[in-house]
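The values are calculated or read from the model by the stated rules, or taken from the named source; none is laboratory data. In this text the structure is predicted, and so the values were computed from the model without any measurement. Cβ coordinates were reconstructed from backbone atoms using ideal geometry, including for glycine residues, and neighbour counts include every protein chain displayed. These accessible areas exclude ligands, DNA and RNA; they are computed on the full protein's heavy atoms, side chains included. Shrake-Rupley method; radii C 1.70, N 1.55, O 1.52, S 1.80 Å.
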Amino acid sequence: LAGFGNLMQDVLWCFSQVKGTIDIGVAEADIISTVEFNHTGELLATGDKGGRVVIFQREQESKNQPHRRGEYNVYSTFQSHEPEFDYLKSLEIEEKINKIRWLPQQNAAYFLLSTNDKTVKLWKVSERDKRPEGYNLKDEDGRLRDPSMITVLRVPVLRPMDLMVEATPRRVFANAHTYHINSISVNSDYETYMSADDLRINLWNFEITNQSFNIVDIKPANMEELTEVITAAEFHPHHCNTFVYSSSKGTIRLCDMRTSALCDRHAKFFEEPEDPSNRSFFSEIISSISDVKFSHSGRYIMTRDYLTVKVWDLNMENRPIETYQVHDYLRSKLCSLYENDCIFDKFECVWNGSDSVIMTGSYNNFFRMFDRNTKRDVTLEASRENSKPRAILKPRKVCVGGKRRKDEISVDSLDFSKKILHTAWHPSENIIAVAATNNLYIFQDKVN
């Protein structure tokens, strides 16, 4: 990044989940639950707890203002999942979108995967700006004509119409998970993808919906012997046979599907030895990994636990090569965070396009960035009060004790109900998307 001091300091746009409405309170269904750029960065998809997917499209640069980069506007909105009820297990299945993953664009249409706790769907998003007219068997309003009244053969013609964006479900992958799906990942062969729940990981072919292949199963014969669960999983960006998954015990397993059909035996095992002096009642909880991401190069793995972000080299299993403290000032607050269940929050982490900067969220609508080259870091805030369009974001600092400076905020006055769990980074530019409850903020670095 050129000039890390200016990193992400220019606020371009601030979206509410539903544009053009007045925010009169946060409805549970409007809370954003996932954010994902497509492979070109021209589209940005968000999913929410109400089962909706909203896609934003980047507008073309204006000829009158060639230096102004295109803004993101709403492109399509559709209902991806509906609430369901499993009558056999008396279990209610939420419509909440857990993850969205884009497929590389092959033609004029776009394809994406979306999942709730149980069902993965493949959606096709396409444009239509022409409509056929002159049917033989139907009237123009769609009603079937009497065949005996048809005396001439007409050739249908295409007429221009207003642009319409259609989202249609092409595949529904269901009935393969007993537990809640926490991850989906598209393989680099673009023929298969995997879905992971608490105890199992399944491999799917995009063309086959009625069966999947179980590649990881950590369920013990006796559930009382269960010691860990799967928290996240992802395919290697270049090698279609390799994937990683993380666990609630703070470990990462690298698996190679060439070794055996069932990857119960890992190829590599990444774990950092615990410092006995830091051992506490909360050690196991805060060591649970909430997100795991391969770098774009495929050389490194990034993991996020409650207090830190770690970067691991695939060639070194015994400890991470980099550890970044996200909010170490919360270490003294773990007891109260345990009581209000915030200690179980699952924060995500993302790389920038060149793997040189990493980003993750925190509380009080703060999000953190770490430059891997200079080791500098910055804390920024996503909120309506101080994020007017084209304003410059000011770095924020948290005061732990003693005298508090004017521009600092006390750790005791942090709002733990405002949290940045989901973030995304444009694949090639310094543009980020940050989900703050029911608002989506899009920032970009300062334009000189």
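Tabulated values for the structure
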| item | result |
| --- | --- |
| Ordering of 40-48, 157-165, 206-214 by packing [mean C-beta count within 10 Å, highest first] | 40-48, 206-214, 157-165 |
| Positive-end residue, the chain charge dipole about Cα centroid, Cβ charges, pick of 88, 209, 414 | 414 |
| Estimated FRET transfer efficiency (residue 356, residue 265; beta-carbon r; R0 35 Å; 0.05) | 0.55 |
| Solvent-accessible surface (1.4 angstrom probe) belonging to residue 178, in square angstrom, nearest 10 | 70 Å² |
| For segment 129-149 and segment 165-235, distance of Cα centres in Å | 44 Å |
| Approximate spin-label separation residue 406-residue 162, in nm, with each point projected 7 Å along Cα-to-Cβ | 5.2 nm |
| Pair-distance profile P(r), taking every C-alpha pair of segment 189-325, with 5 angstrom steps and integer % | 2, 9, 19, 22, 20, 14, 8, 4, 1, 0, 0 |
| Value of Rg/Rh across the chain [Cα atoms, Kirkwood radius] | 1.01 |
| Relative contact order [Cα under 8 Å, 6+ residues apart], segment 308-416, whole percent | 15 percent |
| Segment 374-437: trypsin sites (Lys or Arg not before Pro) in DSSP coil with no more than 14 other Cβ atoms inside 10 Å | 375, 376, 384, 390, 403, 405, 406 |
| Cα centroid separation - segment 85-117 against segment 302-361, whole Å | 26 Å |
| Potential lengthening between residue 151 and residue 170 on full extension [0.36 nm per residue; Cα-Cα distance subtracted] | 3.1 nm |
| Value in Å of the Kirkwood radius, where segment 48-176 supplies the Cα pairs that are averaged | 18.5 Å |
| Per DSSP, loop chymotrypsin sites (Phe, Trp or Tyr not before Pro) in segment 90-166 with at most 13 further Cβ within 10 Å | 135 |
| Stretch gain in nm, segment residue 285-residue 329, where the contour uses 0.36 nm per residue and the Cα spacing is subtracted | 14.1 nm |
| Sulfur and carbon atoms: percent of accessible area, segment 241-305 [1.4 Å] | 50 percent |
| Compactness relative to 2.2 N^0.38 Å, alpha carbon Rg of segment 407-448 | 1.48 |
| Relative contact order (%) - criterion: Cα under 8 Å, at least six apart; region: segment 221-350 | 20 percent |
| Student exercise, the chain dipole from Lys, Arg, Asp, Glu Cβ charges, in Debye to nearest 20 | 1240 debye |
| Segment 323-363, Rg to Rh (Cα coordinates; Rh as Kirkwood inverse mean 1/r) | 1.07 |
| Radius, Kirkwood style, for segment 128-200 when every pair of distinct Cα atoms is counted (Å) | 17.4 Å |
| Sparse-neighbour loop sites [GluC sites (Glu not before Pro); segment 345-445; at most 12 other C-beta within 10 Å; DSSP] | 385 |
| Taking all pairs of distinct alpha-carbon atoms in segment 261-369, Kirkwood radius in angstrom | 15.1 Å |
| Quotient of C-alpha Rg and 2.2 N^0.38 Å, computed over segment 302-448 | 1.06 |
| Solvent-accessible area per residue for segment 139-201 (1.4 angstrom probe, square angstrom) | 64 Å² |
| Length released on extending from residue 399 to residue 217, taking residue separation times 0.36 nm less the Cα-Cα span | 61.0 nm |
